[in-house]
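Below you'll find the structure, written out as structure tokens, and then a few comments.
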Amino acid sequence: MGSAAELAAAAFMMLGFPALMLAALVPSVPAFAAAAAVTYLADHYLHRKSSYLVNRLSKVRAGLSIRFLIRQLLLILLLARIGLADDLIYYGAIACFIAFYGLQAPHGALVTLIRNRRRMPVATRNIDLASRIRIPDAPPRGLLHRSAEKMLHLDLAAVAGILVSASLESSVAGFVGIGVTVGVGCLYVLALVPYVRGAKVPPNAEKVLAAVDAWLAEYRPETVLYFSGSKDSAYQVNMWLETMEQLDSRPLIILRERAILNNLAPTTVPVVCVPGGVHLMNLDLSNVRVALYAANVGKNIHLLRVPTMKHVFIGHGDSDKLASVNPYSKVYDEVWTAGRAGRDRYAIADVGVRDDDIVEVGRPQLAPIQGWSGVPEGRIPTVLYAPTWEGWDGNPGNTSIVLAGENIVKKLVKADPPVRVLYKPHPFTGTVSKEAGAAHRRITALVEKAAAQRATDARFTADAAAQTAAKAELSRIEARLAELAGKAAGNGKGDEAEATRDGLVDVARHEEVARLRAEWNTAYWRSFPGHEHRVITGAEPRLYDCFNVSDAMVSDISSVVSDFIASGKPYAVTDSAELGVEEFKRQNTAVRAATILSNSAAELGELLAAVRDPAADPLAEDRGDLKRYLLGPDEPTSIDQFNTAVANLAIKAEARNVGQESRTAAGAAEAQPGGVPAQRVVTAEDDVTA
């Protein structure tokens, strides 16, 4: 529903209108002015915060225009109640507000027309369209951003002037305010007019599509990553961007929704966003041989219909979820899985996907996860506790944080020999369950208290000079990243047309940001003692970075476990639903090489023993087997496997196309005169319905 401040602003605004009516009826000009100020300020605050509550008000017929109109009508009532119904300012106020609302229609029409004309039929990134078509600058941000709110707030001058006139019994201030409101409103409308005509309007759809086709013909993309979905699903395509950048063939990303384009992570790969199905069908994709699909959605059909390319489902994660064996997968030429486990899932599910059409390619995204050969000499072990969130259904098996979290952390911080604890909760923790939120806060307090106690323990020493240097390095890196982000923001375009025109990635900056992030991660872990317990929230350091500095992990059933298996390190998973070890392992492939914890976390000693003495680890061989089963072999690397799969499928697509051309040519030869038997002429006596 919004923050406490937003709720308070909404309450003040809604209470302000009854106060306005009361002040008008009493009548009291000072009280009316005070109540009006409250409603103006609260309204402005809610809009500046883009509050969800603003949209809710419009749903109950208390939208923006209605709120302003009611305030103006109550001002007219106030003038009548204080005896100014026969005064010139009274009629001036009525005329002002009629004219003011008369300006709303052309203003709204112009804003809508400008936005529609500047909406591109195809939006792009990393594609040079500026050399092919002319795309003019967007109107100044001040003209279109929150335009309706700005236009309506122009009545403030008239309202303030009329209230001053009502207090002083002089019409001068009122007519000055009226003149300002109407005059500035007219200027606002006139300022928009140039942007709906002539050189300030982007080219039409036909020219834009022709320019995109010309670029496609020149670039000749070979492998396409196709994606459609809601803005919340952007992570599903973002996880494949780095893989696309490493392809041996020429890559292209095709998106179907503008919301996905706006939430796409930075990439060097050319991106085309084509919202219209007809426009997509008319794009020249004749050079594409392989199309990759990260999700099963209805709009996939718009590309699946193209026979000159082979179609592959790559998904957005390998797990035991039903989505991993969707019967829709039958429509693709091939289905690519990480390892043998994915192949077996389809066989068990029996949804019509042939085993011959499944290819194991590993998980290229897991390349940053480092392997492990034991705790380095002179360093205490680090254990990562990374529970998932509570989910929407209230299932106690979703997360360990409520029933087991405190027990896990208490045992870890009291472990002897000691270990370091990193606590990285899921960012959604506590958003649904109050119990989960409360448990998270208690666990955070436990970790921070243990860290404070360890800081005073003489057994643990730290190199203060090294930490100071690392913190200085962090500050330097963060300053440079902020500078680069500022430059990127400075290049942020006013609208879709400008972003398409100028949305070329700065490769040097892109590479520098990647390098700086790696340097930041190194400096971060050096900026505090290696024995210090720590709570890690926020986007940085990333989960995989936490994997790499840890020697073991405790988690729940989620993709976190599947990814951690790539490290080969010991791990534990909590059976929060108390299914029992055998049943828990039967239902969840990823835990078959894990230490299974009950909610008491009594089994945690088994995990710590495996960390301290890898040679005596009873699950080490099982983890290796499970890793190969879930994720495939280490050699060749996953990206090499992926590139090989792309190349092999491209050869199949090319062979199909050559064969089709041969059959078409043979058919054309047979159609020549003398090559086809004479056709029988249909007469009236024939039964044409037979």
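Quick notes on this structure:
- In loop segments of segment 374-418 as defined by DSSP, the chymotrypsin sites (Phe, Trp or Tyr not before Pro) with at most 15 further C-beta atoms inside 10 Å of their C-beta are Trp392.
- For Arg71, net neighbour charge (Lys/Arg +1, Asp/Glu -1) across residues whose Cβ lies under 13 Å away: -1
- Charge dipole of the chain about the Cα centre (unit charges at C-beta), most positive-ward option of Thr637, Thr456, Gly659: Thr456
- Directionally averaged projected area (convex hull, Cα atoms, segment 1-80), nm²: 4.8 nm²
- Taking the convex hull of Cα positions in the chain, its mean projected area over all directions (nm²): 45.8 nm²
- Cα-based reach from Lys330 at 19 Å (exclusive), listing aspartates and glutamates while leaving out same-chain residues under 8 positions away: Asp318, Asp320, Asp344, Asp350, Asp355, Asp356, Asp357, Glu360
- GluC sites (Glu not before Pro) restricted to segment 517-582 and DSSP loop, no more than 13 other C-beta within 10 Å: Glu578
- Dipole of the chain [Lys/Arg +1, Asp/Glu -1 at C-beta], most positive-end residue of Ala295, Ala594, Pro27: Pro27
- One chain, two ends: Met281 and Ala539. Fully extended at 0.36 nm per residue, the span grows by 89.1 nm beyond their Cα-Cα distance.
- Modelled FRET efficiency - R0 51 Å, Thr431 with Arg81, Cβ distances, 0.05 increments: 0.55
- Those trypsin sites (Lys or Arg not before Pro) in segment 353-458 that DSSP places in a loop and that have at most 12 other beta carbons within 10 Å: Arg354, Arg379, Lys414
- Set Lys231/Lys569; Lys49/Lys231; Lys424/Lys569 screened for pairs whose C-alpha atoms are more than 24 Å apart: Lys231/Lys569
- Charge dipole magnitude, Cβ of K and R +1, D and E -1 - segment 55-165, Cα centre, debye nearest 20: 820 debye
- Among the DSSP helices (H) of the chain, those spanning at least 18 angstrom by Cα along their long axis with an average Kyte-Doolittle hydropathy of 1.0 or more are 4-25, 64-81, 155-168, 172-192; this is a geometric and hydropathy rule only.
- Given charges at beta-carbon only (K, R positive; D, E negative), |dipole| of the chain in Debye: 2040 debye
- Placing unit charges on each Cβ (+1 for Lys and Arg, -1 for Asp and Glu) gives the chain a dipole about its Cα centre, and among Asn204, Phe584, Ile98 the Cα reaching farthest toward its positive end belongs to Ile98.
- Size descriptor, Kirkwood hydrodynamic radius, that averages inverse alpha-carbon separations across segment 220-366, Å: 15.6 Å
- With 10 Å bins from 0: P(r) over segment 465-611, alpha-carbon pairs, percent: 9, 27, 24, 20, 15, 5, 0
- Efficiency of FRET between Asn395 and Arg441 - r from beta-carbon atoms, R0 35 angstrom, step 0.05: 0.95
- Karplus-derived 3J(HN,Hα), 6.51/-1.76/1.60, for each residue of segment 383-391, Hz, glycine and proline x: 10, 9, 9, 10, x, 7, 8, 7, x
- Computed from label points 7 Å out along Cα-Cβ, the spacing between Arg379 and Glu512 is 3.1 nm.
- A Förster radius of 22 Å combined with the Cβ-Cβ distance from Glu583 to Ala347 puts the calculated FRET efficiency at roughly 0.50.
- Exposure proxy ranking, count of Cβ atoms within 10 Å, fewest first, for Met13, Met21: Met21, Met13
- Potential lengthening between Arg258 and Asp232 on full extension [0.36 nm per residue; Cα-Cα distance subtracted]: 8.1 nm
- Calculated diffusion of segment 123-272, Stokes-Einstein form, Kirkwood radius summed over Cα pairs, 10 °C and 1.306 mPa s, µm²/s: 81 µm²/s
Just so you know, all these numbers are worked out from the coordinates, no wet-lab data involved. These figures come from a predicted structure and were not determined experimentally. A quick note on method: Cβ atoms are made from the backbone with ideal geometry, for glycine too, and the neighbour counts reach across all protein chains shown.
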